[in-house]
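A.B. asks: Right, I'll just put the structure down here and ask away after.
The values are calculated or read from the model by the stated rules, or taken from the named source; none is laboratory data. None of these values were measured; they are calculated from a predicted model. We place every Cβ from the backbone using ideal geometry, glycine too, and count neighbours over all the protein chains shown. What goes into the accessible areas is simple: the full protein's heavy atoms, side chains included, and nothing from ligands, DNA or RNA. Shrake-Rupley method; radii C 1.70, N 1.55, O 1.52, S 1.80 Å.
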Amino acid sequence: MRDPFPMIWVPNELGSNDAIWMIDHSRLDYPQAIALSDLISDATGTSVSDLLKHGMGINHKWIEKMEGGAECYSRTYELIEFLELHPIPTDEQLIAFLNDQKCRWNTGNEQPRPLPQRWTEYDARLLTASAIERFNSLY
């Protein structure tokens, strides 16, 4: 499966935001798609057929550990750029962004640039204290 990617942040009951990570089900092998759909269906009550038809959003609270590669980094960067340009996007702006993502990354199979060679080359908006600690251990 290719990298999951953040699609949007949604407000939670504490007033902060939860990241919703998208799994591109069209890129999964059939057993992967069914296994993920079953898990998400059990947790959310959404039918497996709807998940397979419309895709799967996974709240960051459900993820214990995830490592994203070049596509995850590129798409996270694009989302941050979009949200800085449109802090409160209209439905039309959000739909246009999502359609562009789908056309380029899913249908068009766009390939991301390689990840930066040093953590200091990563966009500072994507760095947290835990990310810096992890990068220091890798580089």
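A.B. asks: With the requirement that a residue be surrounded by 10 or more Cβ atoms within 10 Å (Cβ to Cβ) and either aliphatic (A, V, I, L, M) or touching a His at 6+ places or on another chain (Cβ under 7 Å) (or both), what does segment 102-139 give you?
C.D. replies: Selection gives L115, L126, L127, A131, I132.
A.B. asks: Follow-up. Being open to solvent by less than 50 Å² (accessible area, probe 1.4 Å) and modelled with pLDDT under 65 is true for just one of M56, M22. Which residue is that?
C.D. replies: Working: M22 fails: modelled with pLDDT under 65.
Result of the check over M56, M22: M56.
A.B. asks: Whether any residue in segment 8-15 is at pLDDT below 80, part of a strand (DSSP E or B) and not aliphatic (A, V, I, L, M) is what I want to check.
C.D. replies: Among the residues of segment 8-15, at least one is at pLDDT below 80, part of a strand (DSSP E or B) and not aliphatic (A, V, I, L, M), which makes the answer yes.
A.B. asks: Take the residues in segment 67-101 that are closer than 21 Å to S130 by Cβ and open to solvent by 70 Å² or more (accessible area, probe 1.4 Å), then tell me which one is modelled with the lowest pLDDT.
C.D. replies: Looking at residues that are closer than 21 Å to S130 by Cβ and open to solvent by 70 Å² or more (accessible area, probe 1.4 Å), I get E67.
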